[in-house]
């Protein structure tokens, strides 16, 4: 579940605690967590609702101007879900990607990823060469479909090697250091 940049401040300060999504099936579940640009979110509930039950007040609580603004931003296919959440802290990947020094466990995890996935170093190199490039173009350059490309980049991001931007990605300081070490 992604949030557009206009919602990040509300996620960060905890004032945004509800959102609406149209899905074929939910991509989050109650009791789980979600790493977002505004911090780590705990998912409190995921409820299937009737779209007609959403009013202007509900839309405002979700960060929209009114009901029509919210509805205009929902997908056209699938059921409508109301997701309630609360912020539990900072995204742990933020601190990790700034630290170039690796713990023994981090070193093992990164080495394992690089050893087992022949795409990992080329993807780091591609992102280094083309920061802030739309994922569709990066996937085409990598010779793979976009969903697979994005899934793989999320694995790099989970280890603190990349950062997501509003459009595309960039290497984190940690990612740049790992790439430099492996290009020697």
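The values are calculated or read from the model by the stated rules, or taken from the named source; none is laboratory data. Quick caveat: nothing in here was measured; it's all calculated off a predicted structure. Neighbour counts run over all protein chains shown; Cβ positions are idealised from the backbone, glycine included.
Determine, yes or no, whether residue 39 is assigned by TED's automatic domain parsing to the domain that holds residue 67 and over 15 Å from residue 62 (Cα atoms). For residue 39, the condition - assigned by TED's automatic domain parsing to the domain that holds residue 67 and over 15 Å from residue 62 (Cα atoms) - is met. For the stretch 32-44, the criterion of being in a strand (DSSP E or B), in contact with a strand residue (DSSP E or B) (Cβ under 8 Å, 6 or more places away or on another chain), crowded, with 17+ Cβ neighbours inside 10 Å and in contact (Cβ under 8 Å) with a residue 60 or more places away in the chain is met by none of the residues. The condition of being at pLDDT 95 or above, out of contact with any strand residue (DSSP E or B) (no Cβ under 8 Å at 6 or more places or on another chain) and within 24 Å of residue 8 (Cα to Cα) holds for only one of 167, 153, 134, that being 134.
Yes or no, residue by residue, for (1) modelled with pLDDT under 95; (2) touching a helix residue (DSSP H, G or I) at 6+ places or on another chain (Cβ under 7 Å); (3) not assigned by TED's automatic domain parsing to the domain that holds residue 172:
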residue	(1), (2), (3)
48	no, no, yes
55	no, yes, yes
60	no, no, yes
63	no, yes, yes
68	no, no, yes
72	no, no, yes
77	yes, no, yes
81	no, no, yes
85	no, no, yes
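Looking only at the stretch 1-31, which residues are farther than 23 Å from residue 163 by Cβ and in contact with a strand residue (DSSP E or B) (Cβ under 8 Å, 6 or more places away or on another chain)? Result: 17, 18, 20, 21, 22, 23, 24, 26, 29, 30, 31.
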